[in-house]
Amino acid sequence: MKWRALIFLLAIPAFCLGFGDGVREQSLREAAQASGMLIGTAVRPAQLSEVAYASTLAREFNMLEPEDVLKWEVVHPEQQSFDFAQGDQIIDFAARHRMQVRGHTLVWHQQNPKWLTEGKFTSGELAQILEKHIKTVVGHYRGKIFAWDVVNEAFDELQPGKLRSTIWRDQPGIGLAGDGTSYIERCFRWAHEADPQALLFYNEAGAEVVNPKSDAIYAMVRDFRQRGVPIDGVGFQMHIANLRADAASISANMKRFTALGVQIHITEMDVALPVDPSGNPRPKDLQRQADIYREVATACLSHSGCSAIQTWGFTDKYSWIGWHSKHAQGAALPFDRNYRAKPSYAALRNTLAAR
């Protein structure tokens with residue numbers, strides 16, 4: 001039987017986060033547990049030695065995902081060798097704190113090592129390398145990682161609805177460049193062979209609403225489900241950068257995907273805010289951010305097939321938004337740089353608790 005979202009009892013007591021008058025507030029994890037949801041975040045093993053980081057992570061979340069250390073450049077640095085040390089560190093933390101682990105990501109066009117991107121491999125050789133990678137990584141974590149982002153961001157932003165040109169598809173590709181999504185299908189089949197119990201997800205950016213990209217993904221997932229390709233879910237990243245979220249379209253999109261029989265995970269949510277030179281947002285933007293977190297969580301909770309909400313990091317101290325936006329934006333996560341809970345934290349927790 002496939003793994004399902006098993007919610008474990010909180011091992012570490014939560015404490016008052018300052019929203020009441022000395023009365024202990026529910027943690028995100030407790031609220032998610034009570035509502036039958038997974039609440040997760042992307043993590044970096046280097047920060048696990050920081051007491052505030054580790055204690056907040058263990059207290060507030062029942063799921064985590066390695067942010068970078070299962071990507072090719074880290075886990076497969078040389079053609080004939082794999083390095084699982086940092087991934088194993090995250091697995092160990094999750095096991096000690098009774099958390100589930102999502103795997104991210106087996107196939108992506110970025111963060112690949114030079115030996116791969118500059119290797120001048122034939123399509124046949126590349127197919128063998130990809131199969132070995134998927135089966136080795138998934139096999140190493142068999143029974144420890146309950147869900148995988150098998151393929152990440154395969155559809156193009158500049159040509160909506162079209163597949164991206166990548167090393168895996170057509171540069172030179174694994175020999176299936178003319179067969180539409182066949183190379184993606186092959187990846188899912190290899191992952192399933194390595195761990196038949198793991199849930200397998202396709203993960204994408206900019207496809208949260210009904211649009212040409214999500215239409216193309218919907219068509220792919222429908223085709224895969226009809227033909228028995230082992231796909232169990234779709235991950236909507238949910239990076240929001242303009243303080244606007246079309247909650248109605250997000251909900252409609254979730255409805256049509258879950259009707260296909262797949263799960264939905266919100267996998268990388270953050271809501272970037274304009275910030276001053278010191279990295280501080282305006283109070284009114286913090287409230288709008290909280291509204292967006294609430295709206296997205298409400299959309300997810302309205303569909304039984306939406307089973308997890310995950311943020312891309314949890315503290316602004318380590319968010320990618322600052323460097324990505326050249327410090328024009330930031331403050332995107334539920335906790336500030338000092339691990340103080342923000343209004344978006346309360347919005348998420350209270351929405352989960354209301355269920």
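Observations
- Gln287 being more than 21 Å from Ile39 (Cβ to Cβ) and touching a residue at least 24 places away in the same chain (Cβ under 8 Å): yes
- Restricting attention to region 309-332, the residues being open to solvent by less than 60 Å² (accessible area, probe 1.4 Å), within 17 Å of Asp68 (Cβ to Cβ) and of a type outside the set (Gly, Ala, Ser) number 8.
- Counted residues, region 75-94 - those being within 19 Å of the chain's Cα centre (by Cα) and without any contact (Cβ under 8 Å) to a residue 24 or more places away in the chain: 1
- Within region 40-65, considering residues that are among the polar types (S, T, N, Q) and in contact (Cβ under 8 Å) with a residue 60 or more places away in the chain, the one nearest to Ser27 (Cα to Cα): Thr56
- Filter result for Glu153 (over 28 Å from Leu64 (Cβ atoms), within 21 Å of the chain's Cα centre (by Cα) and charged (D, E, K, R)): no
- A single member of Gly103, Gly119 is of a type in the set (Gly, Ala, Ser), in contact with a strand residue (DSSP E or B) (Cβ under 9 Å, 6 or more places away or on another chain) and modelled with pLDDT of 95 or more, and it is Gly103.
- Flag if Ala241 is at pLDDT below 95, open to solvent by 10 Å² or more (accessible area, probe 1.4 Å) and in contact with a strand residue (DSSP E or B) (Cβ under 8 Å, 6 or more places away or on another chain): yes
- Residue that is farthest from Ile39 (Cα to Cα) [pool: residues in region 228-243 that are in contact (Cβ under 8 Å) with a residue 40 or more places away in the chain and not in a strand (DSSP E or B)]: Val229
- Which numbered condition Gln263 fails, given (1) over 15 Å from Asn203 (Cβ atoms); (2) open to solvent by 10 Å² or more (accessible area, probe 1.4 Å); (3) not aliphatic (A, V, I, L, M): (1)
- Helices (runs of 4 or more DSSP H) wholly inside region 26-121 that include at least 2 residues being open to solvent by 10 Å² or more (accessible area, probe 1.4 Å) and closer than 18 Å to Thr315 by Cβ: 51-60
- Residue match in region 144-154 (condition: surrounded by fewer than 16 Cβ atoms within 10 Å (Cβ to Cβ) and out of contact with any His (no Cβ under 9 Å at 6 or more places or on another chain)): no
- Failed item, numbered, when His133 is tested on (1) surrounded by fewer than 21 Cβ atoms within 10 Å (Cβ to Cβ); (2) assigned to a strand (DSSP E or B): (2)
The values are calculated or read from the model by the stated rules, or taken from the named source; none is laboratory data. Just so you know, these numbers come straight off a predicted model, no measurement behind them. When we count neighbours, we look across all protein chains shown, and the Cβ atoms used for this are built from the backbone with ideal geometry, even at glycine. Protein only, heavy atoms only, side chains kept; ligands, DNA and RNA dropped before computing areas. Shrake-Rupley method; radii C 1.70, N 1.55, O 1.52, S 1.80 Å.
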